[in-house]
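Written below as C-alpha coordinates is the structure these notes are about.
The values are calculated or read from the model by the stated rules, or taken from the named source; none is laboratory data. Predicted model only: the values in this text are computed from it and were never measured. Cβ placement follows ideal geometry from the backbone for every residue including glycine, while neighbour counts extend to all protein chains displayed. These area figures cover heavy atoms from the full protein model, side chains too; ligands, DNA and RNA do not enter into them. Shrake-Rupley method; radii C 1.70, N 1.55, O 1.52, S 1.80 Å.
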Amino acid sequence: DNWERLIEDPEIRDALWKTGFFTLFGWLFQTPIALGIGVWAAGRQRFRAVASAIFFIPLLLSTAAIALSWRAFLDSSFGLPNAFADLLGGDTNFLGDPERAVWVAIFVISWQWIPFHTLLYQGAARGIPAVLYEAAAIDGASGWRQFISITLPQLRYTIATSTILMLVGGVTTFDTLLILTEGGPGTATRILPLEMYYKGFAGFEMGYASA
(Lines give C-alpha, C1' and ligand atoms only; values in the text may rest on other atoms or scores of the structure.)
Protein backbone atom coordinates (compact mmCIF):
# COMPACT_ATOMS: atom_id res chain seq x y z
CA ASP A 1 0.00 0.00 0.00
CA ASN A 2 2.82 2.41 0.83
CA TRP A 3 4.52 1.78 -2.49
CA GLU A 4 1.28 2.28 -4.42
CA ARG A 5 0.67 5.52 -2.56
CA LEU A 6 4.23 6.63 -3.21
CA ILE A 7 3.86 6.28 -6.97
CA GLU A 8 0.63 8.29 -7.04
CA ASP A 9 1.53 10.93 -4.43
CA PRO A 10 1.79 14.40 -6.04
CA GLU A 11 3.77 15.70 -3.05
CA ILE A 12 6.47 13.10 -3.70
CA ARG A 13 6.64 14.01 -7.39
CA ASP A 14 6.96 17.68 -6.42
CA ALA A 15 9.70 16.88 -3.90
CA LEU A 16 11.49 14.77 -6.50
CA TRP A 17 11.40 17.63 -9.01
CA LYS A 18 12.71 20.07 -6.40
CA THR A 19 15.50 17.65 -5.49
CA GLY A 20 16.57 17.49 -9.13
CA PHE A 21 16.39 21.28 -9.41
CA PHE A 22 18.53 21.82 -6.31
CA THR A 23 21.06 19.23 -7.45
CA LEU A 24 21.39 20.55 -10.99
CA PHE A 25 21.71 24.23 -10.16
CA GLY A 26 23.89 23.49 -7.15
CA TRP A 27 26.29 21.73 -9.52
CA LEU A 28 26.12 24.54 -12.10
CA PHE A 29 26.86 27.12 -9.40
CA GLN A 30 29.57 25.27 -7.51
CA THR A 31 31.62 23.67 -10.27
CA PRO A 32 32.96 26.72 -12.18
CA ILE A 33 33.66 28.65 -8.96
CA ALA A 34 35.41 25.74 -7.23
CA LEU A 35 37.36 24.93 -10.39
CA GLY A 36 38.48 28.51 -10.91
CA ILE A 37 39.51 29.13 -7.32
CA GLY A 38 41.15 25.71 -7.06
CA VAL A 39 43.35 26.35 -10.10
CA TRP A 40 44.18 29.82 -8.81
CA ALA A 41 45.02 28.52 -5.33
CA ALA A 42 47.42 26.00 -6.85
CA GLY A 43 49.58 28.85 -8.19
CA ARG A 44 52.21 31.01 -6.55
CA GLN A 45 50.42 34.34 -6.34
CA ARG A 46 51.21 36.79 -3.57
CA PHE A 47 48.97 36.38 -0.50
CA ARG A 48 47.56 33.19 -2.06
CA ALA A 49 47.98 31.16 1.13
CA VAL A 50 46.29 33.80 3.29
CA ALA A 51 43.39 34.26 0.88
CA SER A 52 42.95 30.48 0.60
CA ALA A 53 42.89 30.07 4.39
CA ILE A 54 40.16 32.69 4.71
CA PHE A 55 38.17 31.19 1.87
CA PHE A 56 38.27 27.70 3.42
CA ILE A 57 36.70 28.85 6.72
CA PRO A 58 33.17 27.59 5.81
CA LEU A 59 34.63 24.10 5.56
CA LEU A 60 35.54 24.25 9.27
CA LEU A 61 32.08 25.27 10.49
CA SER A 62 29.26 22.93 11.41
CA THR A 63 26.19 22.79 9.17
CA ALA A 64 23.95 23.94 12.01
CA ALA A 65 26.14 26.98 12.68
CA ILE A 66 26.17 27.92 9.00
CA ALA A 67 22.39 27.58 8.59
CA LEU A 68 21.64 29.51 11.79
CA SER A 69 24.11 32.26 10.86
CA TRP A 70 22.67 32.75 7.38
CA ARG A 71 19.12 32.64 8.73
CA ALA A 72 19.97 35.48 11.12
CA PHE A 73 21.99 37.28 8.47
CA LEU A 74 19.02 37.27 6.07
CA ASP A 75 16.38 38.14 8.65
CA SER A 76 13.92 40.54 7.04
CA SER A 77 13.66 42.72 10.15
CA PHE A 78 17.12 42.73 11.66
CA GLY A 79 19.43 41.27 9.01
CA LEU A 80 21.42 42.71 6.15
CA PRO A 81 18.46 43.01 3.71
CA ASN A 82 16.82 45.47 6.11
CA ALA A 83 19.86 47.73 5.83
CA PHE A 84 19.29 47.94 2.07
CA ALA A 85 15.51 48.12 2.22
CA ASP A 86 15.41 51.20 -0.01
CA LEU A 87 17.45 49.52 -2.74
CA LEU A 88 15.26 46.43 -2.50
CA GLY A 89 12.04 48.43 -2.74
CA GLY A 90 11.10 47.48 0.81
CA ASP A 91 10.91 43.79 -0.07
CA THR A 92 13.45 42.34 2.36
CA ASN A 93 11.88 38.95 3.01
CA PHE A 94 14.31 36.70 1.16
CA LEU A 95 13.46 33.53 3.08
CA GLY A 96 9.73 34.22 3.00
CA ASP A 97 9.43 34.49 -0.77
CA PRO A 98 9.09 31.05 -2.43
CA GLU A 99 11.12 31.92 -5.53
CA ARG A 100 13.93 33.72 -3.74
CA ALA A 101 14.10 31.18 -0.91
CA VAL A 102 15.05 28.47 -3.41
CA TRP A 103 18.00 30.46 -4.75
CA VAL A 104 19.05 31.55 -1.27
CA ALA A 105 19.11 27.90 -0.17
CA ILE A 106 21.19 26.91 -3.21
CA PHE A 107 23.61 29.76 -2.49
CA VAL A 108 24.03 28.88 1.20
CA ILE A 109 24.60 25.18 0.48
CA SER A 110 27.07 26.06 -2.28
CA TRP A 111 28.87 28.55 -0.03
CA GLN A 112 29.33 25.78 2.50
CA TRP A 113 30.71 23.14 0.12
CA ILE A 114 32.61 25.08 -2.56
CA PRO A 115 35.77 25.14 -0.38
CA PHE A 116 35.74 21.32 -0.20
CA HIS A 117 35.59 20.94 -3.97
CA THR A 118 38.16 23.71 -4.32
CA LEU A 119 40.58 21.58 -2.31
CA LEU A 120 40.05 18.72 -4.76
CA TYR A 121 40.83 20.95 -7.74
CA GLN A 122 43.75 22.61 -5.98
CA GLY A 123 45.41 19.28 -5.24
CA ALA A 124 44.81 17.99 -8.76
CA ALA A 125 46.04 21.21 -10.40
CA ARG A 126 49.29 21.03 -8.45
CA GLY A 127 49.86 17.57 -9.88
CA ILE A 128 49.82 18.77 -13.49
CA PRO A 129 53.40 18.65 -14.88
CA ALA A 130 54.82 22.16 -15.29
CA VAL A 131 56.57 21.08 -18.48
CA LEU A 132 53.22 21.07 -20.28
CA TYR A 133 52.71 24.76 -19.55
CA GLU A 134 56.31 25.56 -20.42
CA ALA A 135 55.94 23.88 -23.80
CA ALA A 136 52.65 25.66 -24.44
CA ALA A 137 54.20 29.02 -23.53
CA ILE A 138 57.05 28.42 -25.96
CA ASP A 139 54.46 27.70 -28.67
CA GLY A 140 52.81 31.03 -27.89
CA ALA A 141 49.68 29.75 -26.12
CA SER A 142 47.89 32.34 -23.99
CA GLY A 143 46.92 31.72 -20.38
CA TRP A 144 43.30 31.04 -21.38
CA ARG A 145 44.41 28.64 -24.13
CA GLN A 146 46.60 26.78 -21.65
CA PHE A 147 43.64 26.49 -19.27
CA ILE A 148 41.36 25.09 -22.00
CA SER A 149 43.88 22.77 -23.64
CA ILE A 150 45.95 21.62 -20.65
CA THR A 151 44.31 22.31 -17.30
CA LEU A 152 40.76 21.16 -18.07
CA PRO A 153 41.77 17.89 -19.78
CA GLN A 154 44.18 17.09 -16.96
CA LEU A 155 41.41 17.70 -14.38
CA ARG A 156 38.74 15.60 -16.11
CA TYR A 157 38.85 12.82 -13.51
CA THR A 158 38.73 15.32 -10.67
CA ILE A 159 35.75 17.03 -12.32
CA ALA A 160 34.02 13.64 -12.53
CA THR A 161 34.75 12.89 -8.87
CA SER A 162 33.58 16.32 -7.75
CA THR A 163 30.41 15.96 -9.82
CA ILE A 164 29.55 12.62 -8.25
CA LEU A 165 30.05 14.04 -4.77
CA MET A 166 27.86 17.04 -5.62
CA LEU A 167 25.11 14.79 -6.97
CA VAL A 168 25.18 12.63 -3.85
CA GLY A 169 25.18 15.72 -1.65
CA GLY A 170 22.35 17.28 -3.63
CA VAL A 171 19.97 14.37 -3.13
CA THR A 172 20.84 13.92 0.56
CA THR A 173 20.84 17.55 1.75
CA PHE A 174 18.78 17.77 4.90
CA ASP A 175 20.07 19.67 7.92
CA THR A 176 20.88 22.93 6.14
CA LEU A 177 17.40 23.23 4.63
CA LEU A 178 15.67 22.09 7.81
CA ILE A 179 17.29 24.88 9.83
CA LEU A 180 17.38 27.55 7.13
CA THR A 181 13.89 27.29 5.62
CA GLU A 182 12.21 24.25 7.25
CA GLY A 183 11.24 23.26 3.71
CA GLY A 184 9.30 26.47 3.20
CA PRO A 185 7.90 28.88 2.58
CA GLY A 186 5.10 26.44 1.98
CA THR A 187 6.84 23.56 0.25
CA ALA A 188 9.15 25.68 -1.91
CA THR A 189 12.35 24.04 -0.61
CA ARG A 190 10.96 20.69 0.54
CA ILE A 191 13.16 18.17 -1.24
CA LEU A 192 12.91 14.39 -0.77
CA PRO A 193 14.90 14.06 2.50
CA LEU A 194 12.74 16.76 4.10
CA GLU A 195 9.57 15.15 2.73
CA MET A 196 10.65 11.86 4.29
CA TYR A 197 11.35 13.59 7.59
CA TYR A 198 8.00 15.37 7.74
CA LYS A 199 6.11 12.24 6.73
CA GLY A 200 7.82 10.11 9.37
CA PHE A 201 8.54 12.39 12.31
CA ALA A 202 5.86 15.05 11.93
CA GLY A 203 3.08 12.93 10.39
CA PHE A 204 4.02 9.73 12.31
CA GLU A 205 3.78 7.69 9.09
CA MET A 206 6.99 5.73 9.59
CA GLY A 207 6.06 3.00 7.11
CA TYR A 208 5.38 5.48 4.35
CA ALA A 209 8.49 7.51 5.22
CA SER A 210 10.58 4.34 4.99
CA ALA A 211 9.14 3.55 1.56
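Once you have the Cα-Cα distance between E205 and L68, take 0.36 nm times their residue separation minus that, and quote the gain in nm to one decimal.
Extra length available between E205 and L68 comes to 46.5 nm.
How long is the gain from W40 to L6 if the chain were fully straight, where each residue apart is worth 0.36 nm and the alpha carbon distance is subtracted?
Extending this stretch completely gives an extra 7.6 nm.
How would the stretch 125-211 be classified by its alpha-carbon gyration tensor: rounded, prolate or oblate, with rounded meaning a/c under 1.5 and the a/b versus b/c comparison settling the rest?
Cα axes put the stretch 125-211 in the prolate bin.
Dipole of the stretch 18-107, Cα-centred, from +1 at each Lys and Arg C-beta and -1 at each Asp and Glu C-beta, to the nearest 20 debye?
Dipole size: approximately 560 debye.
For the stretch 1-47, with the dipole built from +1 on Lys and Arg beta-carbon atoms and -1 on Asp and Glu ones, taken about the Cα centre, which of A15, F29, A42 lies farthest toward the positive end?
A42
Evaluated at 4 °C with a viscosity of 1.567 mPa s, what Stokes-Einstein diffusion coefficient in µm²/s does the stretch 172-211 have when Rh comes from the Kirkwood expression over alpha-carbon pairs?
This corresponds to a translational diffusion coefficient of 129 µm²/s.
Which is farthest toward the positive dipole end of the stretch 58-138 among G79, L120, L59, measuring Cα position about the Cα centre, with Cβ charges +1 (Lys, Arg) and -1 (Asp, Glu)?
L120
Multiplying the sequence separation of F107 and I164 by 0.36 nm and subtracting their Cα-Cα distance, what value in nm do you get?
That works out to 18.6 nm of additional length.
How large, in percent, is the carbon and sulfur part of the accessible surface of the chain at a probe radius of 1.4 Å?
66 percent
Place a +1 charge on the Cβ of each Lys and Arg in the stretch 62-202 and a -1 charge on the Cβ of each Asp and Glu, then give the dipole magnitude about the Cα centre in debye, rounded to the nearest 20.
Approximately 420 debye in magnitude.
Roughly speaking, what is the centre-to-centre gap between the stretch 91-135 and the stretch 150-211 when only Cα atoms are used, to the nearest Å?
The distance from the Cα centre of the stretch 91-135 to that of the stretch 150-211 comes to 17 Å.
Once you order the gyration tensor axes a ≥ b ≥ c over the Cα atoms, which shape class does the stretch 1-98 get: rounded for a/c under 1.5, otherwise prolate or oblate by comparing a/b with b/c?
Oblate, since a/c reaches 1.5 and b/c is not below a/b.
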